[in-house]
Amino acid sequence: MTVRKTPLAILISGRGSNMRSLIAACAEPDFPARVVLVLSNKEDAPGLDFARQAGLRAEAVPHKPFGKDRKAHERAIDARLKEAGAEFICLAGYMRLLTPFLTDAWAGKMINIHPSLLPLFPGTHTHERALEAGVRVHGCTVHHVTAGMDEGPIIAQAAVPVFPREDTADALAARVLAQEHVLYPAALRLVLGVKSDTVEKNTSLVVV
């Protein structure tokens, strides 16, 4: 049976580590997505060069020319997404807090990966905060994007152990990142391969 490959856009701000795992997954014949655009808010994002070398359309819509008008910047992004024919969005290290304009326009069709087991440690510096809190388990979460930061319904999570006597934030981050690369494609496959009402019930997939 032929698998329909949903046109996918990936938004990045830097090197695009998780973008690379998504690109690799989409190259598989049975994966239900194909990358039609890699878009960054920074022209010098290293991930753009990687995407271009992979033969993909990779562009930037810099945010600085828009000043504090986030909505105007997002209108430009939305226009680029639609022009590329994207039907779904993965945020992969996109370091901009989105406004309701974009989150509402792509509600249910935009997901993000976050380096903690949400609802624990939303925001930044998650690994340092996990060590400070003394948790024994840490990890990452793929979730739907909503107007609230890291508040959208959880799709999937991956857990790693914390070694309080040995771990540094960098060591813990590296262990979590390895799981991110496995989890994100698996979660995307889950979202695109099940009915929307199943996703809305906050279905969770744990990949360790």
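Values in this text are rule-based calculations from the coordinates and carry no lab data. Here the structure is a predicted model, which is why all the values come from computation and not from measurement. Note: ideal-geometry Cβ built from the backbone for every residue, glycine included; neighbour counts use all protein chains shown.
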Are any residues in the range 82-133 loosely packed, with under 14 Cβ neighbours inside 10 Å and either at positive phi or in contact with a Pro (Cβ under 8 Å, 6 or more places away or on another chain) (or both), and if so, which ones? GLY85, GLY123, HIS125
Taking only the range 29-68 into account, find how many residues are free of Cβ contacts under 8 Å to residues at least 24 places away in the same chain and surrounded by 13 or more Cβ atoms within 10 Å (Cβ to Cβ). 8
